[in-house]
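Have a look at the structure below before the remarks.
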Amino acid sequence: MSNTILDVKNLRTTFYTHMGEVQAVRGISFEVNQGDVLGIVGESGSGKSVTAMSIMGLVDEPGRVSGGSILFMGQELTKLSDAEMNEYRGKEISMIFQDPMTSLNPVYTIGNQLIEVIRRHTDLDKDQAHARAIELLQMVGIPEPEIRIKNYPHQFSGGMRQRAMIAMAISCSPKILIADEPTTALDVTIQAQILDLMVRLKNQLHSSIILITHDLGVVSEVCNKVNVMYGGMLMEKASVFELFDSPQHPYTLGLLKSIPRDVTGERKRLVPIEGTPPDLLKPPSGCPFSPRCPYAMGICVREAAPLYTLSDTHSASCWLHHKGAPVVEGFVQVEEESVHE
């Protein structure tokens, strides 16, 4: 029996603006299995957050999912009405947003907001929901939860607000927890605590996590699988070990070269990726990374590469994997039957 919880196939999300169609997500496919911690990484504007919002059914007008499939436990989410999706949001799939201060309502106490979610998706009465809210705050490490439950968001520190958001997200034991840059506004010590908390709760609840981040250091610590996005497309999919040990897309290689890595103790200059991301109002017909790629060929500009399967857990969309391409050190070339459309 398959343990796949979420199966995204050829997802496309488009924003229909007065200037034209912004193709924010352009035909991406991936799976999330039970127990996975999947990292989705890439620069700002690569389509990471829009992918998450598409899964949650929270893409606002003028945007909408314009193609593809999102199967959750066999249910096609793209066909559901907003009222039907409300039965899944919070209960089966929950999301932790980037800035808890803008996600929490400032005029309601933390307890009121937690209790509202619990009563919306469970049969608990008010007193039982109140007890459950205290239990959740205790689970996420908030001291004196019986007192803190009466506080307003502004009375919490940044780290405590993020913990309250996590408590809200796990209140109904969802099967998938989506975390969109959950540690961006926090200092390094609190970041580590929040990440450790998320993984510990994931194991406790037997759920899965989709972690959206630009921080490859965070990915290396907590993820077992990684999707690398650029220009609304998937550039590479791999296990976390394969991605760091043998990156197979020039964009991934560029990301790894641009982060500090204190492994050998040597002092090395960071290498930035030259150029700017593509305009998704007029996306390129070829590989979106080709204008910035040091290995770009003529075909890269004309046509996007298929997804080449390099192992059971590793694939990359780059023409350098074609058996007729110039040989580049570190890049594996494969036969045509290894192409996954």
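Descriptive notes on the structure:
- Residue check for Leu253: in a helix (DSSP H, G or I), modelled with pLDDT under 95 and buried (at least 17 other Cβ atoms within 10 Å of the Cβ): yes
- Residue that is nearest to Gly39 (Cα to Cα) [pool: residues in the stretch 225-237 that are under 14 Å from the mean Cα position of the chain (by Cα) and not charged (D, E, K, R)]: Val226
- Of the residues contained in the stretch 140-161, one or more are found to be out of contact with any strand residue (DSSP E or B) (no Cβ under 8 Å at 6 or more places or on another chain), buried (at least 17 other Cβ atoms within 10 Å of the Cβ) and closer than 20 Å to Ile93 by Cβ.
- Residue match in the stretch 10-32 (condition: within 14 Å of Lys175 (Cβ to Cβ), surrounded by 20 or more Cβ atoms within 10 Å (Cβ to Cβ) and modelled with pLDDT of 95 or more): yes
- Any hit, the stretch 53-72, residues being within 17 Å of Val226 (Cα to Cα) and in a loop (DSSP other than H, G, I, E, B): no
- Annotation: of all residues in the stretch 189-213 being within 15 Å of Gln138 (Cα to Cα) and not hydrophobic (A, V, I, L, M, F, W, C), the one that is surrounded by the fewest Cβ atoms within 10 Å (Cβ to Cβ) is Gln204.
- When residues of the stretch 284-302 are limited to those that are small (Gly, Ala, Ser) and in a helix (DSSP H, G or I), the one nearest to the chain's Cα centre (by Cα): Ser290
- The residue that is nearest to the chain's Cα centre (by Cα), among those in the stretch 118-144 that are within 20 Å of Leu201 (Cα to Cα) and modelled with pLDDT under 90, is Val140.
- Candidates Met168, Met235 - the one that is crowded, with 22+ Cβ neighbours inside 10 Å, out of contact with any Pro (no Cβ under 7 Å at 6 or more places or on another chain) and part of a strand (DSSP E or B): Met235
- Residues within the stretch 37-52 that are assigned to a loop (DSSP other than H, G, I, E, B) and either modelled with pLDDT of 95 or more or more than 23 Å from Ile176 (Cβ to Cβ) (or both), tallied: 3
- Taking the criterion of being farther than 11 Å from Ile110 by Cα and either touching a His at 6+ places or on another chain (Cβ under 7 Å) or in a helix (DSSP H, G or I) (or both), the residues of the stretch 131-153 that qualify are Ala131, Arg132, Glu135, Leu136, Gln138, Met139, Glu146.
- Candidate set: the stretch 34-47, residues that are crowded, with 21+ Cβ neighbours inside 10 Å and under 15 Å from Val22 (Cβ atoms); chosen: the one nearest to the chain's Cα centre (by Cα): Gly47
The values are calculated or read from the model by the stated rules, or taken from the named source; none is laboratory data. This is a predicted model, so every value here is computed, not measured. Methodologically, a virtual Cβ is constructed for each residue, glycine included, from the backbone with ideal geometry; neighbour enumeration extends over all protein chains shown.
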